[in-house]
Amino acid sequence: MTRYQCPECDEILKRATPLPEGKKVRCPKCDAVFVAKALAEKKASAPPPPPKKEAPKPEPVMAMADDDEEDSNPYTLKEEELGEKEKPDLFFGSLRDKFAKSQIGPAMSQTVKPSNWLMRIGLGTGVLSVIIMVLALFPVVFSEVDPIRPFLRPQVTKLLFGIFVFICASLMVWGASSMHAVSNLPMAIVGSVMGILVYVAQGIIAYNRVHQFGDGFERYIGYLGVAVIFASSLMGVWCLVVIFKPVVQTGFKEYQERAKDKRIV
């Protein structure tokens, strides 16, 4: 259908068949005469596009669990991951600072070597004391000297000396064990002091004997043995130096506190 518009009253005139261009027509409303000019037809507006449908989410996939996995249910639900997510960094700083560190371990790391050496010389001294006691008793048991009293006196002196050395060696071993475990500070000090006194005393005795009875090359060999005996006393000095280190003192103190709380058997 062709439409025409009156320029006077803006009335829209409709006609089934179009008029030839330039022909004059009369407006039935205002009787105005104007040249017919067809109006442009309006295009029908396109319908709005249908809303887009969201893609359906992937459904969980049922998968068989591995034979290696120990699970009461043989089927486990596994969801497909669309992307890898970065794992957050773990921070343990506050957890580390929450509990105080034990000082027994650092103390034991300082006492292991000197206590082992003190244990060795203590055991060696114990063996030496047993030899002295056997040498003192052997002539008495198998002797037929009469009267026996003058003969017995020096052997008893040797026996008492051997017993004294054995007691000192036992204290050295006990002190070395206490020092190694950082368990008993007074006993560790006693064992270290015994390691000094015993070998200093033996060194003095050995020096006097070598000086009186030694001669020539034998005397130099004896002096070398005396030097070794005196050097053994340095093990006790080393132990005392380590015992009085602050970290070792702290380890002994912590061990005693735990022992009081019955946390160490």
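The values are calculated or read from the model by the stated rules, or taken from the named source; none is laboratory data. Computed from a predicted model, the values in this text were never measured in an experiment. Please note: Cβ atoms are built from the backbone with ideal geometry, for glycine as well, and neighbour counts cover all protein chains shown. In case anyone asks, the SASA skips ligands and DNA or RNA and just uses the protein heavy atoms, side chains included. Shrake-Rupley method; radii C 1.70, N 1.55, O 1.52, S 1.80 Å.
Things to note:
- Across segment 190-212, the qualifying residues are those that are open to solvent by less than 20 Å² (accessible area, probe 1.4 Å) and in contact with a Leu (Cβ under 6 Å, 6 or more places away or on another chain), and the one among them that is farthest from Ala231 (Cα to Cα) is Gly191.
- Residue in segment 209-218 that is aliphatic (A, V, I, L, M) and in contact with an Asp or Glu (Cβ under 9 Å, 6 or more places away or on another chain) present: yes
- Hits in segment 137-189 - residues which are open to solvent by 50 Å² or more (accessible area, probe 1.4 Å), modelled with pLDDT of 75 or more and part of a loop (DSSP other than H, G, I, E, B): Asn184
- Any pair with Cβ under 6 angstrom, 6 or more apart, that starts in segment 172-197 at a residue that is within 14 Å of Val112 (Cα to Cα) and among the hydroxyl-bearing types (Ser, Thr, Tyr) and ends at one that is outside any helix (DSSP H, G or I) and open to solvent by 40 Å² or more (accessible area, probe 1.4 Å): Ser178/Asn184
- Inter-residue pairs, beta-carbon under 7 Å, first part of a loop (DSSP other than H, G, I, E, B) and in segment 233-251, second of a type in the set (A, V, I, L, M, F, W, C), 6+ apart: Ser233/Ile196; Ser233/Val200
- Residue in segment 202-220 that is in a helix (DSSP H, G or I), within 19 Å of Leu123 (Cα to Cα) and in contact with a helix residue (DSSP H, G or I) (Cβ under 9 Å, 6 or more places away or on another chain) present: yes
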